[in-house]
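The values are calculated or read from the model by the stated rules, or taken from the named source; none is laboratory data. Please read these numbers as outputs of a predicted model, since none were measured by experiment. When we count neighbours, we look across all protein chains shown, and the Cβ atoms used for this are built from the backbone with ideal geometry, even at glycine.
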Amino acid sequence: MPRFFLFVLLLTAIFVVGIGTMVRLFLNLFKLFWRTGSRPQQTTQAPPSSARPEKKAERMLPCATCGVHVPESEGVKSVGQFFCCEAHRAGRAPDAPRGTAQSDE
């Protein structure tokens, strides 16, 4: 029913003001929407910002073996020290200074 009403309204407007005026009106409306970037409301909208999980900044810690900074959640903690991976944790002597790994002799 609403489509039929709009169609009748359009035909009435064309009859009253003329086809040329209606064409110019539609072209000007199209140009206005095109220039301003406004578009008719889309059916799919982005979720509200509250629905998106917020990424919080994470603390970066240096590896006790190689010194590379790694996010705290991705590293390995052992005996009060932080390591970038399990291999560096396993290869490090507890009392060895930074930059030296335990040898496999």
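Restricting attention to the stretch 12-27, the residues being among the aliphatic types (A, V, I, L, M) and surrounded by 11 or more Cβ atoms within 10 Å (Cβ to Cβ) number 6. Just one residue in the set LYS31, LYS77, LYS55 is modelled with pLDDT of 70 or more and part of a strand (DSSP E or B); that residue is LYS77.
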